[in-house]
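S.K.: The structure's right below; bear with me while I get my questions together.
The values are calculated or read from the model by the stated rules, or taken from the named source; none is laboratory data. For clarity, every value in this text was computed on a predicted model and none was experimentally measured. Every residue, glycine as well, gets a Cβ built from its backbone with ideal geometry; the counts of neighbours run over all protein chains shown. The accessibility values were calculated without ligands, DNA or RNA, using every heavy atom of the protein model including side chains. Shrake-Rupley method; radii C 1.70, N 1.55, O 1.52, S 1.80 Å.
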Amino acid sequence: LSLHDALPILLGDEDHELQFLANGALIVVIQCVFLLIPFRVYGAFVITMYRMLLDDMLKFLVVWFIVALGFTFAISIIVEYPPSLPTDDSMPRFWHHFWAIFLEKMWMSLARLEDKWQTDGPRYVLVAILNMVYALLSCILLLNFLIAMMARTFEENVGNTHVTWIFPFAYNVLRYEKMLPK
């Protein structure tokens with residue numbers, strides 16, 4: 001399906017049009033925020049926020065993803081792994097439950113507890129303990145980790161505000177000067 005074929009379909013759908021408009025407005029606002037960089041106070045703030053989002057948030061997401069995958073593997077193996085050697089038809093079921101448990105861990109990281117609790121079987125206690133440890137780890141320790149990284153970035157940028165602001169500003173000035181006709 002090419003853009004030429006999809007355009008009449010998308011132009012008639014009000015929901016898609018509004019979604020494209022919202023996406024475009026978001027991109028324009030982000031570009032307008034970058035226009036504040038030449039002003040010293042706002043420029044240093046924008047650069048600091050940009051570094052926090054790109055550097056600190058990416059590190060946090062990688063650590064969170066690894067921790068969530070580790071707990072998901074542990075719970076999946078405890079709950080769903082077959083007692084005998086796995087056969088070809090038992091593995092798709094395992095992976096289906098694995099991704100369902102991973103989604104559950106994602107929601108738990110956002111401080112939403114499970115709606116249903118299993119109360120049967122000897123594995124329940126171990127799964128409940130793992131869920132409690134994961135909830136504490138992700139909601140308290142990982143968020144503290146994110147806050148500490150952002151505070152460190154803020155302190156570094158406040159300590160040398162002039163350097164934080166002047167180099168990107170000088171880069172933009174030189175870039176615009178290169179665009180000028182001779």
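S.K.: Show the residue pairs meeting these rules: Cβ distance below 8 Å; 6+ apart or different chains; first residue within the stretch 67-88 and charged (D, E, K, R); second residue exposed (fewer than 13 other Cβ atoms within 10 Å of the Cβ) and at pLDDT below 75.
M.R.: E80/R93
S.K.: How about the stretch 152-165: which of its residues are modelled with pLDDT of 80 or more and open to solvent by less than 50 Å² (accessible area, probe 1.4 Å)?
M.R.: The one that is modelled with pLDDT of 80 or more and open to solvent by less than 50 Å² (accessible area, probe 1.4 Å): T153.
S.K.: If you check L113, L141, which single one turns out to be modelled with pLDDT under 65 and open to solvent by 40 Å² or more (accessible area, probe 1.4 Å)?
M.R.: That would be L113, the only listed residue that is modelled with pLDDT under 65 and open to solvent by 40 Å² or more (accessible area, probe 1.4 Å).
S.K.: Under 6 Å between Cβ atoms, which residue pairs at least 6 apart in sequence (or on different chains) link something in the stretch 19-37 that is under 18 Å from I47 (Cα atoms) with a partner that is open to solvent by 90 Å² or more (accessible area, probe 1.4 Å) and in a helix (DSSP H, G or I)?
M.R.: Short answer, once both residue conditions are applied: L36/Y42.
S.K.: Restricting attention to the stretch 16-38, which residues are aromatic (F, W, Y) and closer than 23 Å to M150 by Cα?
M.R.: Passing the criteria: only F34.
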